[in-house]
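The values are calculated or read from the model by the stated rules, or taken from the named source; none is laboratory data. Note that the structure is predicted; figures quoted are calculated from it, not measured. Cβ: placed from backbone, ideal geometry, glycine included. Neighbour counts: every protein chain shown.
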Amino acid sequence: MNVAVELLSNLVAIPSLSGREEHACAFLADALPAAGWERVQIDGAGSVVASRGSGSRELVLMGHIDTVPGGPPHALDGDILRGRGSVDAKGPLCAFAVAGGRAPLAPDWKITLVAATGEEADSRGALHRIPKHAPAACIIGEPSGADGVTIGYRGSLRIALSASDGGAHRSGDAGPVTAVVRVTADILSFVESVDSPELPVIQRPSGAVVSMHGEENGRRLGRSDLDIRLPEGSDPQQWIERLVELAGRRGVNARVLAVTPAHVADKNNPAARALRLAVRKNGLNPRLLAKGGTADFNLAAAWNCPMAAYGPGDSKLDHTAEEHISLSEYLTSLDILTDAIPTIMRSA
């Protein structure tokens, strides 16, 4: 079996739900020296961090090793590898591990690989690393397809609605559970009212219910957790103020759980341009993407350096029961990254 394929298949075979990534991280840390990485450690957030070179300029390749639950059983069938994480995002991560370990390294540069923990939950891995680096360029490992280069992701606002009382008869007072349901509907209706379906997804808001809970057992209480996706150019604080106002009209408390602004990089920045050139060099027509999800890409914007997201795999398969990756596409992405990395070092 091809060494790069073996690395990916073995890593996909190891479960690594957010918060329980330690076995997968230990496997990857043990495998990286043979892939060309000179120094390997597991940091305080449980992420695997590896590096090559000792120059003053740093290229960070940051993917994530955690997954959501579920997915198909691990299986290798010809060109197809099935399993949770094959696309999101162990495929991109292993592409970084292999290509980053073999790409030519300029004397004044070093390359750092981060296999971040917790991206699917609280991004603790990325948040732990960001203050520790000041890279000259960065690539984030997320599925774009071998021919795709991603330059933008929407933001995310997670908000919890809650209300409770000491109990009352529903005939006279609909109660806190009903109030929370109504505010949930108010907020989703508001999001729809400011949406413009004709715009690209990066410029459109959306809203979804993550979970709901209600009970009457003497004391009555209700809770609803929402995920509001924030479009390019939006001010998260304005969204927070509006949603808190909508909740207050019905006596419901609104608490912000997490907020991540949208981020769109310059399409001609050195990282994005180098990836597009490498895609063409390998016989494909590059696609420039701006996505509706939110990723560690948004957090890495704090580095204020040239950046893009890249990786093999069809992002439509993220989190699905059909998650799988084409190994031929995965291997093509290795060649593209191997070509792009030296170009980034020459131009960033």
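Among the listed residues ALA146, ALA137, ALA116, which satisfies the condition of being buried (at least 24 other Cβ atoms within 10 Å of the Cβ) and closer than 15 Å to CYS25 by Cβ? Give the steps one after another, and end with the answer.
Working: ALA146 fails: closer than 15 Å to CYS25 by Cβ; ALA137 fails: closer than 15 Å to CYS25 by Cβ.
Selected residue: ALA116, the only one of ALA146, ALA137, ALA116 that is buried (at least 24 other Cβ atoms within 10 Å of the Cβ) and closer than 15 Å to CYS25 by Cβ.
With a requirement of 1 or more residues that are β-branched (Val, Ile, Thr) and in the same structural domain as ASP108 (by TED's automatic domain parsing), the strands (runs of 3 or more DSSP E) lying completely within segment 120-234 that satisfy it span 137-141, 148-153.
Can you name every residue in segment 302-348 that is closer than 17 Å to HIS64 by Cβ and β-branched (Val, Ile, Thr)? ILE325 - this is the single residue of segment 302-348 that is closer than 17 Å to HIS64 by Cβ and β-branched (Val, Ile, Thr). Looking only at residues of segment 261-302 that are of a type in the set (Val, Ile, Thr) and crowded, with 21+ Cβ neighbours inside 10 Å, we find that the one that is nearest to SER224 (Cα to Cα) is THR294.
This table checks each residue for (1) farther than 30 Å from SER164 by Cβ; (2) more than 17 Å from the chain's Cα centre (by Cα).
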site	(1), (2)
GLU216	no, yes
ARG220	no, yes
GLU232	yes, no
ARG242	no, yes
ARG249	no, yes
ALA258	no, no
ARG276	yes, yes
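Only residues that are surrounded by fewer than 12 Cβ atoms within 10 Å (Cβ to Cβ) and either among the hydroxyl-bearing types (Ser, Thr, Tyr) or out of contact with any helix residue (DSSP H, G or I) (no Cβ under 8 Å at 6 or more places or on another chain) (or both) were counted in segment 209-236, giving 5.
Checked against (1) crowded, with 24+ Cβ neighbours inside 10 Å; (2) within 15 Å of MET345 (Cα to Cα), PRO107 passes all but condition (1).
Before we move on, is ARG255 in a strand (DSSP E or B), buried (at least 16 other Cβ atoms within 10 Å of the Cβ) and touching a Ser or Thr at 6+ places or on another chain (Cβ under 9 Å)? Talk me through it step by step, then tell me what you get.
Values: in a strand (DSSP E or B): yes; buried (at least 16 other Cβ atoms within 10 Å of the Cβ): no; touching a Ser or Thr at 6+ places or on another chain (Cβ under 9 Å): yes.
Taking the combined requirement at face value, the residue does not satisfy it.
Do we have THR320 as over 25 Å from LEU105 (Cβ atoms), among the β-branched types (Val, Ile, Thr) and at pLDDT below 95 here? No; evaluated as a whole, the condition is false for this residue. Only a single item in (1) outside the structural domain of ALA106 (by TED's automatic domain parsing); (2) at pLDDT below 95; (3) not polar (S, T, N, Q) is not met by GLY293, and it is number (1). Figure legend. Inter-residue proximity from segment 238-254: first residues modelled with pLDDT of 95 or more, second residues outside any strand (DSSP E or B) and of a type in the set (Phe, Trp, Tyr), beta-carbon distance below 9 Å, spacing 6+ or different chains. Indicated pairs: ARG242/PHE190; LEU243/PHE190; LEU246/PHE190.
Restricting segment 18-40 to residues that are in contact with a strand residue (DSSP E or B) (Cβ under 8 Å, 6 or more places away or on another chain) and in contact (Cβ under 8 Å) with a residue 60 or more places away in the chain leaves a set whose member that is nearest to SER326 (Cα to Cα) is LEU28.
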